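For reference, the structure is listed below as structure tokens.
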Amino acid sequence: MTSDDLDFLLEALARKPSDRKPLSELTTDPDALDRLLDDPALFARLLSAPRLLHVSPWFFYYVAVRRAFLDHGIDDRRASDYVGALLSYHVQARSTQPREGGGFYLVDLVMAMSEARSAEDAFQLQTRIGDVALYLAGVFPDWIYHRETVGRRPVTIGYYERMGSAHWRAASRTAAAERYDLGDVLEYMASRFPEMRQALNDLVDGHLDLARRPGGPDTICRQALYRVRN
């Protein structure tokens, strides 16, 4: 976290000026800091703040993803940290369309994985497939819905969920995952992929302007069709 991140956190959570010092002391304790980052008031303040925020992308997306995940019963900080960093990276690197923004389809990555020259390369591509599947399914559900309903080669949301889950799970069982201490979080995310995708859909639909949305009946139909049934 940057000093600007901490300043924003203190400003958002301090009810009066005298609260800043004890809150600042709490931020030096990792467990206490985690609880502060989970405060719904911090998320609400991020959303209501001016568009130009002097906070790091990691801070913004961690808080947003963590709140969205908690609202959907996903209580794993490492998963929130992983997905927050994933959004931070992709949102800064893309344009407003999936293909132009990332220059990839999942099939491109699957083909590259089949030609991986080492176990390390295969691990990187397996995790990349999971990452891209969640990013596209979570942030661009309307793009997927359009391809599914009017595209020449329809690909359903279930395709992204199966691909992402399978490749994260495979990656979690490799020596590289153990070396990077990623096995547990990759396995957890593989097991909760549909719920995580739904949480990101709701986050984008309700709070974040990360993708073009058609609105109207198409969005309503997509939301109903793609809703995860618990």
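Please treat every number below as a calculation from the coordinates, not as lab data. As the structure is a computational prediction, the values presented were derived from the model and not from experiment. Glycine gets a Cβ as well: all are built from the backbone with ideal geometry, and neighbour counts include every protein chain shown.
Summary of values
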quantity	calculated
Per-pair calculated FRET efficiency, R0 = 45 Å: LYS16 and GLU178 via Cβ, rounded to 0.05	0.40
Label corresponding to log10 I(q)/I(0) by the Debye sum over Cα atoms at q = 0.10, 0.11, 0.18 Å⁻¹ when calculated from the structure given, among (i) -0.41, -0.50, -1.37; (ii) -0.50, -0.60, -1.37; (iii) -0.43, -0.53, -1.59	(ii)
Signed unit charges on C-beta, dipole axis of the stretch 171-210, positive-most listed residue VAL185, VAL204, THR174	THR174
Burial ranking of peptide ranges 136-142, 53-59, 215-221 (average Cβ count within 10 Å, highest at the top)	136-142, 53-59, 215-221
Furthest towards positive pole of dipole, ILE144, MET113, ALA133, structure part the stretch 97-226, Cβ charges	ILE144
Computed helical MRE - 222 nm, the chain, DSSP H runs ≥ 4 contributing -39500 (n - 2.57), nearest 500	-22000 deg cm²/dmol
Distribution of pairwise C-alpha distances over the stretch 110-166, 10 Å bins, in %	24, 43, 26, 7
Sorted by Cβ density within 10 Å, fewest first, the residues VAL83, VAL150, VAL132	VAL150, VAL132, VAL83
The chain, dipole about Cα centre (Lys/Arg Cβ +1, Asp/Glu Cβ -1), debye to the nearest 20	800 debye
Largest-first principal axis extents of the Cα set of the stretch 97-226 (Å)	47, 28, 21
